[in-house]
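Participant: I am attaching a structure below and will ask some questions about it afterwards.
The values are calculated or read from the model by the stated rules, or taken from the named source; none is laboratory data. Since this is a predicted model, take the numbers as computed values, not measurements. Because the Cβ atoms are built from the backbone with ideal geometry, glycine has one as well, and the counts that use them run over all protein chains shown. With ligands, DNA and RNA removed, areas are computed over all heavy atoms of the protein, side chains included. Shrake-Rupley method; radii C 1.70, N 1.55, O 1.52, S 1.80 Å.
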Amino acid sequence: FQVVHAHKPHFMALHCQEFGGKNYEASMSHVDKFVKELLSSDAMKDYNRARVYLDENYKSQEHFTALGSFYFLHESLKNIYQFDFKAKKYKKVTGKEIYSDTLESTPMLEKEKFPQDYFPECKWSRKGFIRTRWCITDCAFDLVNIHLFHDASNLIAWETSPSVYSGIRHKALGYVLDRIIDQRFEKVSYFVFGDFNFRLDAKAVVETLCAKATMQTIRAADTNEVVKLIFRESDNDRKVMLQLEKKLFDYFNQDVFRDNNGTALLEFDRELSVFKDRLYELDISFPPSYPYSEDSSQGKQYMNTRCPAWCDRILMSHSAKELILKSENDEKIVIYDHIGPNVCMGDHKPVFLSFRIAAGAGKPIANVHKCCVVQ
């Protein structure tokens, strides 16, 4: 609400992942209450139209993604249209509507869960994407809510560079990009944002953080499998610098991830480089968005479970980059930042992108764009 108040957006898109949390069977009932409070809150009173798409149907494991996509339209905005993927035409947006159990049959979006063989070790993966298409002042664009695969084990992530998990995310993101520019519909600019689960190159990070350390390997007595790596300083009483287990990344100095917003580590953020010809991102100037402590009194503290990383991102096609209004003076119109730096908001810190779309940005030079012709 503070961010809404500060930036006063006319069109607002909010993408959520893991709706209902890890124990969604018990917690999904809280989601509906949250949504109703959000829609009726005083802070949102000037948004007289809304579309909410919630994938709450956890009983359908074949389709369940736990994604939630919210779109709010300010009363000052006129003539906003949303694309009907089944009818292949735009429809004017009026009123407030919530869709939950009927997402599979809702023609106003495309939703897909990634095939199970993409990440076979995760039996009940909820990873996938939801896509909607909008048209504002002759400017058409897709908004894609995405959730990519996580690192299941720090030890496996550390083995190779890039990691096996990075390869899985690469495959899944490529799948989504191919889907949204295929031949079924007119090509438009697109924004893809959510939890990409991008991680730092674990091998390179550990080798840099522990450059002068010696490594001790602990193996399981029965299987001889590596279960723990301990990195100690060569001198200084052999002080432990880092302990690495499947779900433990305990580095002795967390300040390295926070100082100057952790930008010293951005050189190890390499997963997006594969897509540089297809995706654009503004410069990151906020600290790693994951994994924050879930202790409500520790808003700035990272958990010692994973190496902090910029998991949560807002990416766009190169044509979408051109839609963003360039500032004609020194005023900072485009802002890419995180939300609630000192407030506990779960293990992920939300990120946001605030910008203005240039008037008529969607109109090709030669002729008027036909995106908003409602048949």
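Participant: Pick from Ala202, Ala221, Ala211: which is of a type in the set (A, V, I, L, M) and more than 23 Å from Thr263 (Cβ to Cβ)? Explain how you work it out, then say what you get.
Facilitator: Working: Ala202 fails: more than 23 Å from Thr263 (Cβ to Cβ); Ala211 fails: more than 23 Å from Thr263 (Cβ to Cβ).
From the options Ala202, Ala221, Ala211, the qualifying one is Ala221.
Participant: Going by the structure shown, is Ser100 without any contact (Cβ under 8 Å) to a residue 12 or more places away in the chain and not acidic (Asp, Glu)? Let's see the steps before the verdict.
Facilitator: Values: without any contact (Cβ under 8 Å) to a residue 12 or more places away in the chain: no; not acidic (Asp, Glu): yes.
For Ser100, the condition - without any contact (Cβ under 8 Å) to a residue 12 or more places away in the chain and not acidic (Asp, Glu) - is not met.
Participant: Determine whether Tyr90 is of a type in the set (Phe, Trp, Tyr), in a strand (DSSP E or B), modelled with pLDDT of 95 or more and surrounded by fewer than 21 Cβ atoms within 10 Å (Cβ to Cβ).
Facilitator: no
Participant: Do you know which residues across region 271-285 are within 22 Å of Lys203 (Cα to Cα), surrounded by fewer than 17 Cβ atoms within 10 Å (Cβ to Cβ) and touching a helix residue (DSSP H, G or I) at 6+ places or on another chain (Cβ under 8 Å)?
Facilitator: Passing the criteria: Val274, Phe275.
Participant: Checking the condition crowded, with 18+ Cβ neighbours inside 10 Å, touching a strand residue (DSSP E or B) at 6+ places or on another chain (Cβ under 7 Å) and farther than 29 Å from Tyr175 by Cα, which residue from Leu244, Leu315 passes?
Facilitator: The match here is Leu244.
Participant: If you take just the strands (runs of 3 or more DSSP E) that sit entirely in region 95-200, which of them hold at least 2 residues that are of a type in the set (D, E, K, R) and open to solvent by 20 Å² or more (accessible area, probe 1.4 Å)?
Facilitator: 96-99, 110-113
Yes/no matrix, rows are residues, columns are (1) open to solvent by 40 Å² or more (accessible area, probe 1.4 Å); (2) among the polar types (S, T, N, Q):
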{"residue": "Thr208", "(1), (2)": "yes, yes"}
{"residue": "Ala221", "(1), (2)": "yes, no"}
{"residue": "Asn224", "(1), (2)": "yes, yes"}
{"residue": "Lys228", "(1), (2)": "yes, no"}
{"residue": "Tyr251", "(1), (2)": "no, no"}
{"residue": "Thr263", "(1), (2)": "yes, yes"}
{"residue": "Ser289", "(1), (2)": "no, yes"}
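Participant: So which residues in region 261-279 are more than 26 Å from Ser189 (Cβ to Cβ), of a type outside the set (A, V, I, L, M, F, W, C) and without any contact (Cβ under 8 Å) to a residue 12 or more places away in the chain?
Facilitator: Scanning region 261-279 gives a single hit, Glu267.
Participant: In addition: Of these, Lys247, Lys212, which one is in contact (Cβ under 8 Å) with a residue 12 or more places away in the chain, over 28 Å from Leu315 (Cβ atoms) and basic (Lys, Arg)?
Facilitator: Exactly one residue qualifies, and that residue is Lys212.
Participant: Next question. Quick one: in region 1-31, of everything that is assigned to a helix (DSSP H, G or I) and open to solvent by less than 60 Å² (accessible area, probe 1.4 Å), which residue is farthest from Ser100 (Cα to Cα)? Full working, then the answer.
Facilitator: We begin by selecting, within region 1-31, every residue assigned to a helix (DSSP H, G or I); these are 2-7, 24-31.
In the following step, the residues that additionally are open to solvent by less than 60 Å² (accessible area, probe 1.4 Å) were identified as 3-4, 24, 27-28, 31.
Values: Val3: 26, Val4: 25, Tyr24: 14, Ser27: 15, Met28: 11, Val31: 11 Å.
Applying the filter and picking the extreme gives Val3.
Participant: So which residues in region 67-87 are part of a strand (DSSP E or B), over 13 Å from Thr132 (Cα atoms) and open to solvent by 10 Å² or more (accessible area, probe 1.4 Å), if there are any at all?
Facilitator: Residue satisfying the conditions is His74 alone.
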